[in-house]
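Student: Below is the structure I would like to discuss, written out as structure tokens.
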Amino acid sequence: MHRRPRITIVGAGNLGTALAMCLHRAGYVIDQVVFRNSGASRRRAAALAKRVGARAVDVARATIDSDVVWLCVPDDAVAKVERSLAQKSDWKGRVALHSSGALASDEMAALRRRGALAASVHPLMTFVAGSRQAGLSRTGLLHTGSQPSLAGVPFAIEGDAPAVRASRAIVKELGGKAYTIRRQDKVAYHAWGTFASPLLTALLATTEHVAAAAGVNRREAKRRMLPILQQTLANYVALDAAGSFSGPIVRGDVETIRRHLRVLRKVPEAGEVYAALAKAAVRYLPGRRKPQVARLLNK
């Protein structure tokens, strides 16, 4: 494409909204925001379409005139939506993208059969409800921006060569970083991303319950934890995992670990998380008295 392509966004959830807003700010024309038939989807799509100067269109009534159609729908809806879209207009030469982290471009088989050039384009980033997004500054300290941004975000891309080239050009204009991924690696890639954000959030939620066992309420626990969380992330950025690892496991303090496991019987789920992460620490990170610590954790 020698000109900037016109784009249709399918899905107005957290990712679709952030992507459409970033594309709009980068100067792309958003033709349509396509939604499925629920009232909530309709309202979200209408609100997003108004913000980016597009039309909100029900998937059953959509006609595709855009150069690029970008599916931002849940994984289990990708195949169903693309089959529905395959009946709309002429797809020859159009670029069809989806943003599933776990699924490959093969999921766009119906559109490919109609002549579309397909790719999967996944940003390794978390998108949550609301307009405010937190991030890390160059110093490693947390900051909050007023608008979601894709600047600096890595995008994993695979698919048909022309669709990959078009995707890379768009990602570059969004300020993102495009990387090639093999389709057979996508599930492991997505599991990696799940560890990096959703499961990290689950860990933080678990720490709040352990704080409660220590007599500290959730709000106060969050406030008190922020300095150590920020410093841990800054250490990880500067020193990698091994250099930023501290605490009783690196010291080989078996008795302290034993006491932790004992008190965490009051919070069984947290005890299971502690044991699993401690076993991973013994396997992957430096520490003294590893055989003794491993035996204690495996009791």
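The values are calculated or read from the model by the stated rules, or taken from the named source; none is laboratory data. The structure displayed is predicted, hence computed values, not measured ones. Neighbour counts run over all protein chains shown; Cβ positions are idealised from the backbone, glycine included.
Student: Scan segment 216-224 and tell me whether some residue there is within 22 Å of the chain's Cα centre (by Cα), under 30 Å from residue 149 (Cβ atoms) and part of a helix (DSSP H, G or I). Spell out the reasoning first.
Tutor: Start the filter on segment 216-224 by keeping residues that are within 22 Å of the chain's Cα centre (by Cα), which leaves none.
No - not one qualifying residue is present in segment 216-224.
Student: Here is a follow-up. For residues that are surrounded by fewer than 14 Cβ atoms within 10 Å (Cβ to Cβ), under 24 Å from residue 24 (Cβ atoms) and out of contact with any Leu (no Cβ under 9 Å at 6 or more places or on another chain), tally how many sit in segment 170-189.
Tutor: The total comes to 1.
Student: Among the residues of segment 244-256, write down those that are surrounded by 12 or more Cβ atoms within 10 Å (Cβ to Cβ) and assigned to a helix (DSSP H, G or I).
Tutor: Within segment 244-256, 244, 248, 249, 250, 251, 254, 256 meet the criteria.
Student: What tally of residues in segment 257-295 results from selecting those that are in a helix (DSSP H, G or I) and over 26 Å from residue 215 (Cβ atoms)?
Tutor: Taking segment 257-295 and keeping what is in a helix (DSSP H, G or I), we get 257-266, 268-284, 290-295.
Okay, now just the ones that are also over 26 Å from residue 215 (Cβ atoms), so 279-284, 290-295.
The qualifying residues number 12.
Student: Report every pair of residues separated by at least 6 positions or lying on different chains whose Cβ atoms are under 6 Å apart, first residue within segment 96-108 and assigned by TED's automatic domain parsing to the domain that holds residue 81, second modelled with pLDDT of 95 or more and part of a loop (DSSP other than H, G, I, E, B).
Tutor: 96/116; 99/72
Student: Residue 67: in contact (Cβ under 8 Å) with a residue 60 or more places away in the chain, of a type in the set (Asp, Glu) and in the same structural domain as residue 124 (by TED's automatic domain parsing), yes or no? It would help to see each step written out before you state the result.
Tutor: Details: in contact (Cβ under 8 Å) with a residue 60 or more places away in the chain: yes; of a type in the set (Asp, Glu): yes; in the same structural domain as residue 124 (by TED's automatic domain parsing): yes.
Judged against the criteria, residue 67 is a match.
Student: Do you know which of the residues in segment 7-54 that are charged (D, E, K, R) and surrounded by 15 or more Cβ atoms within 10 Å (Cβ to Cβ) is nearest to residue 167 (Cα to Cα)?
Tutor: Taking segment 7-54 and keeping what is charged (D, E, K, R), we get 25, 31, 36, 42-44, 50-51.
From the residues that got through so far, the ones that are surrounded by 15 or more Cβ atoms within 10 Å (Cβ to Cβ) too are 31, 36, 42, 44.
Values: 31: 17, 36: 25, 42: 27, 44: 25 Å.
Among them, the one singled out is 31.
Yes/no per residue for (1) surrounded by 13 or more Cβ atoms within 10 Å (Cβ to Cβ); (2) at pLDDT 95 or above:
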residue	(1), (2)
89	yes, no
108	yes, yes
122	yes, yes
131	no, no
136	yes, no
143	no, no
149	yes, no
154	yes, yes
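Student: On to the next question. I'd like the residue in segment 172-201 that is assigned to a loop (DSSP other than H, G, I, E, B) and out of contact with any strand residue (DSSP E or B) (no Cβ under 6 Å at 6 or more places or on another chain) and, out of all such residues, is farthest from residue 71 (Cα to Cα).
Tutor: In the first step, residues of segment 172-201 are kept if they are assigned to a loop (DSSP other than H, G, I, E, B); the result is 174-176, 181-182, 197.
The next check asks that each one be out of contact with any strand residue (DSSP E or B) (no Cβ under 6 Å at 6 or more places or on another chain); those that pass are 174-175, 182, 197.
Numbers: 174: 17, 175: 20, 182: 20, 197: 22 Å.
For segment 172-201, the residue satisfying everything is 197.
Student: Among what's in segment 148-171 and is assigned to a helix (DSSP H, G or I) and touching a strand residue (DSSP E or B) at 6+ places or on another chain (Cβ under 7 Å), pick the residue that is farthest from residue 111 (Cα to Cα).
Tutor: Going through the qualifying residues, I end up with 171.
Student: Now a separate question. Working carefully through the options 210, 164, find the one that is β-branched (Val, Ile, Thr), modelled with pLDDT of 95 or more, surrounded by 14 or more Cβ atoms within 10 Å (Cβ to Cβ) and farther than 30 Å from residue 272 by Cβ. First the steps, then the outcome.
Tutor: On the way: 210 fails: farther than 30 Å from residue 272 by Cβ.
Only one candidate qualifies: 164.
Student: Just one of the numbered conditions (1) surrounded by 16 or more Cβ atoms within 10 Å (Cβ to Cβ); (2) in a helix (DSSP H, G or I) is not true of residue 204; which one?
Tutor: Exception for residue 204: condition (1).
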